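Heads up: the structure comes next, in structure tokens.
Laboratory data are not the source of any read-out in this text; all were calculated from the coordinates shown. As the structure is a prediction and not an experimental result, all values here were calculated from the model. Virtual Cβ from ideal backbone geometry, glycine too; neighbours counted across all protein chains shown.
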Amino acid sequence: METCRVLSIQSHVVRGYVGNRSAVFPLQLLGFEVDFINSVQFSNHTGYPHWKGQVLNCAEIEELYETLKKNNVIHYDYVLTGYCRDRDMLRKMVEIIKELKQRNPKLIFVCDPVMGDTWDGEGKMYVPKELLPVYKNEVIPIADILTPNQFEAELLTDSKITNESEALTSISKLHELGPSTVVISSSSLGGVNSLIGYGSRRNNNNGIKYQQIRLVMNLIDAAFVGSGDLFAALLLAWTHLHPDNLKIALEKVISTMQHILKRTKAAADSTLIFLFVV
């Protein structure tokens, strides 16, 4: 394929795989050129008992972007965004994406609205609540592809998802905010043995408004971090490689995810066995 360039604005950790550490390498393996800005640089993800690091501020991201612009190297085919915990920083990202879309009207903005998740049946935000209206009113309207989890979809639509009908209603509301493709990356609707996701793309062919797909993923008995970041990156890649077939793109996303997570768990299990034997 022709060289396709991505700007990824996400978090970075020294140890572990979340944000850009989880997204950049798979995109490179699939043939994409990736420029990345680290919205934060932490020692490790914030689920650890201790973490320290730096948060990029508006002036710093503007300095990076303006210097790239002076060098005339800001033609991008995609922008991918993930974790951001500062409202002004998020608004600065919106400004940058709007300018990049003006320079390349074909640019596709893939937004993973990283705001929170559900643990033990209870949803919890892990970014300040003041970011929610910015996502809803300023970020989502310029997004082309949106990848919330169930909890984030509920936040953005101010509605609960307890069954498939409510999931599809939530997706319709998200479409109305702007994105042409919406994928709820995971939900609790599959019970104890599987995760259920839903993909939807605007489709005006043959009078069918949306192409909608149910995703069924085997539940792996382990807790993972960075999997949502990986999901969004893979969705960008496979929808680019299969632009007219959301079903095949999502099948390849899920297949890749399952292989990576199974190998990760196997590696973790073998390490624990080794430590126990020693």
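For chymotrypsin sites (Phe, Trp or Tyr not before Pro), the sites in the range 12-62 that DSSP calls loop and that have at most 15 other Cβ atoms within 10 Å are Trp51. Bridge orientation summary for the chain: considering DSSP beta bridges with both residues in this region, about 50 percent are antiparallel. Taking Cβ atoms as reference points and 12 Å as the exclusive limit, the residues near Val24 contribute a net charge of -2, counting Lys and Arg as +1 and Asp and Glu as -1. Based on C-alpha pairs under 8 angstrom that are at least 6 apart in sequence, the range 155-199 has a relative contact order of 29 percent.
Relative contact order, whole percent, for the chain stands at 14, derived from Cα pairs under 8 Å and 6 or more residues apart. Every helix of 4 or more DSSP H residues in the chain counts as -39500 (n - 2.57), and over all residues that averages to -13000 deg cm²/dmol at 222 nm. Taken over the chain, the alpha-carbon convex hull comes to 144 cubic angstrom per residue.
Taking other residues whose beta carbon is less than 15 angstrom from the beta carbon of Glu33, and scoring Lys, Arg as +1 and Asp, Glu as -1, yields -2.
What's the tally of Lys pairs in the range 84-189 whose alpha-carbon atoms lie under 27 angstrom apart, where the two lysines are 8 or more places apart or on different chains? Here the count comes out as 22. The trypsin sites (Lys or Arg not before Pro) found in the range 152-257 that occupy coil by DSSP, while having at most 13 further C-beta atoms within 10 Å, are Lys160, Lys209. Once you list every other residue whose beta carbon is under 15 Å from the beta carbon of Asp269, what net charge do they have if Lys and Arg are +1 and Asp and Glu are -1? Every neighbour counted, the sum reads +2. Using a cutoff of 8 angstrom between alpha carbon atoms and counting only pairs six or more residues apart, the relative contact order for the range 53-118 works out to 41 percent.
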